[in-house]
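A quick write-up on the structure given underneath.
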Amino acid sequence: MGQLSDQGRFRMQNGISVVIPSWNGWPLLQQFLPSVLRAAQVYRERRRGETEVIVVDDGSEDSTREALPRTFPEVKLLRRPENGGFAKACNSGFQQCRFPLIALLNNDVRLEEDYLCHPVDHFSDPEVFAVTARVFEFDPPRFATGGKVGRFRRGFWSVYFNYDCPEEGPPESPAKLLSVYAVGGFAVYDRSKLEILQGFNELLSPFHWEDVDLSYRAWKRGWRVEYEPRSVGYHRISATIDAHYEKREVEVLALRNRLLFHWINLHSPVLWGQHCLMLLVLCVTRILVGDLGFYRAFAGAWAQRREAARLRGQERIESRRSDRDLVRIFREFFSRAPIRIYRGRKEVDQFGPKPPQRRTDQG
């Protein structure tokens, strides 16, 4: 009995919870959940850890609530009464997780069967907060997301480029490949650190920049975000967002949240001054090119300025690294690491990594 008890504790301590937020996404869940369940099975077999898969239904009006329990009885369904957006749905799921690691996935991601096995290696280092994966688009399977590149320029953090590496590193000891942030649709988090940060910032609902904000706050607490190229997924990009929002509305929301991110997290006097100066320039000049969306985004952010100021004060107190520390860390890594940075689709098409040969088409 004692040996069984020890085995049980080991499986719990090595367990991983998978959280999938979903809004009117039953067709996507039907298509992609089988690969997630297969990855969970492989994790149990290879890593001898427990798993659970939690789908957070974020106020759906489709057949998710009735069909999912019948089709996937092994999946736990968490029902939210109304749609609250990505951050709120994820936070609801995080609160229900039982295991030390939490894998967060979009509902439109298909996984390679060993996807969950590799990020675990990183968390033997207590400074690691999160691990982000290598992801390809569907049809054709073009490289979409890898390690995230970031630099501070013209008063803003730019975090839009990806990198990959020619050498993936030995399987037993992954290289410390830094990433500015862990992409919310395909990341694994340390649950204890996630709880300290209180999950995603719900002020950034319904979507965009909440994953940048979370990782940036983790970096400033003294933790790290790393990239694991052996964890591979395939993403039907923006399947949920495109079905419910106009493109221009998405752009306005993204810019509003980008502004709020800086107003909450940018504390260096020099960098803050550069941001304010650039913001003044934008306010004066965007009208000249007819960019009314900028003013809508600014107005939306300005309406949340008091809450942003409250969070700013809180984050300033909790920070262990400065913004300029992060500028230095990222600059040194991206200038010295054996990686290739991709700055656009043309570079990806010419030089980007290809999907692993073991991939099989499902669904």
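The values are calculated or read from the model by the stated rules, or taken from the named source; none is laboratory data. Remember, it's a predicted structure, so these values are computed and weren't measured experimentally. All Cβ positions, even for glycine, are placed from backbone atoms using ideal geometry, and neighbour counts span all protein chains on display. Accessible surface areas use protein heavy atoms only, side chains included; no ligands, DNA or RNA. Shrake-Rupley method; radii C 1.70, N 1.55, O 1.52, S 1.80 Å.
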As I understand it, the dipole of the chain uses +1 on the Cβ of Lys and Arg and -1 on the Cβ of Asp and Glu, about the Cα centre. Which of Y43, A87, T285 lies farthest toward its positive end? T285
Taking amide H atoms as placed 1.01 Å from N in the peptide plane, list the residues 5 or more away in sequence, or in a different chain, whose amide H sits under 5 Å from that of V128. R224
Would you work out what percent of the accessible area of the range 89-227, with all protein chains in place, is carbon or sulfur (probe 1.4 Å)? 48
Working out 0.36 nm times the residue gap between Y295 and R316, then minus their Cα-Cα distance, what length gain in nm do you get to one decimal? 4.8 nm
Lysine pairs in the chain with alpha-carbon atoms under 17 Å apart, 8 or more places apart or on different chains: how many are there? 4
Under a point-charge model restricted to the Cβ atoms of Lys and Arg (+1) and Asp and Glu (-1), what is the dipole moment magnitude of the range 16-145 relative to its Cα centre, in debye to the nearest 20? 260
Just flag the GluC sites (Glu not before Pro) in the range 63-117 sitting in loop per DSSP whose Cβ has no more than 14 other Cβ atoms within 10 Å. E74, E82
What accessible area per residue, rounded to a whole number of Å², is obtained for the chain using a probe radius of 1.4 Å? 46
Counting only protein heavy atoms and leaving out ligands, DNA and RNA, the solvent-accessible surface of F156 at a 1.4 Å probe, in Å² to the nearest 10, equals 20
Report the accessible area of L277, computed with a 1.4 Å probe over the heavy atoms of all protein chains in place, in Å² rounded to the nearest 10. 110
Taking every DSSP bridge whose two residues both lie in the chain, the antiparallel percent to the nearest 5 is 50
For Q30 and E82 in one chain, what is 0.36 nm times their gap in residues minus the Cα-Cα distance, to one decimal in nm? 16.5 nm
For R217 the rounded accessible area (nearest 10 Å², probe 1.4 Å, non-protein molecules ignored) is 20
At what distance in nm do the modelled label points of K176 and R286 sit from each other, each positioned 7 Å from its Cα along Cα→Cβ? 3.9
At q = 0.08, 0.13 Å⁻¹, base-10 log of I(q)/I(0) for the chain (Debye sum, equal scatterers on each alpha carbon): -0.39, -1.09
Output the 0 to 90 degree angle, nearest 10, between the alpha-carbon long axis of helix 2-13 and the longest principal axis computed from the alpha carbons of the chain. 30
Counting only C-alpha contacts under 8 Å and six or more residues apart, can you give the relative contact order of the chain as a whole percent? 19
Treat every Asp and Glu Cβ in the chain as -1 and every Lys and Arg Cβ as +1, leave all other atoms uncharged, and give the resulting dipole magnitude about the Cα centre to the nearest 20 debye. 1100
S192 and Q96 label points (each 7 Å along its Cα→Cβ direction) are spaced in nm at 2.5
From largest accessible area down, sort K176, K76, K220; use a 1.4 Å probe on the protein chains. K176, K76, K220
If a/c stays under 1.5 just call it rounded; otherwise compare a/b with b/c (prolate if a/b is bigger, oblate if not). Do that for the range 210-334, with a ≥ b ≥ c from the square roots of the Cα gyration tensor eigenvalues. oblate
Short version: ³J(HN,Hα) in whole Hz for each residue of the range 292-303, in order, from phi by Karplus 6.51 cos²θ - 1.76 cosθ + 1.60 (θ = phi - 60°), x for Gly and Pro, what are they? 6, x, 4, 6, 5, 5, 5, 4, x, 5, 4, 5
Amide H to amide H under 5 Å from Y115: which residues, 5+ apart in sequence or cross-chain, H placed 1.01 Å off N in plane? V232
Taking only DSSP H segments of four or more residues, each worth -39500 (n - 2.57), what value at 222 nm results for the chain once the sum is divided by all its residues, to the nearest 500 deg cm²/dmol? -13500 deg cm²/dmol
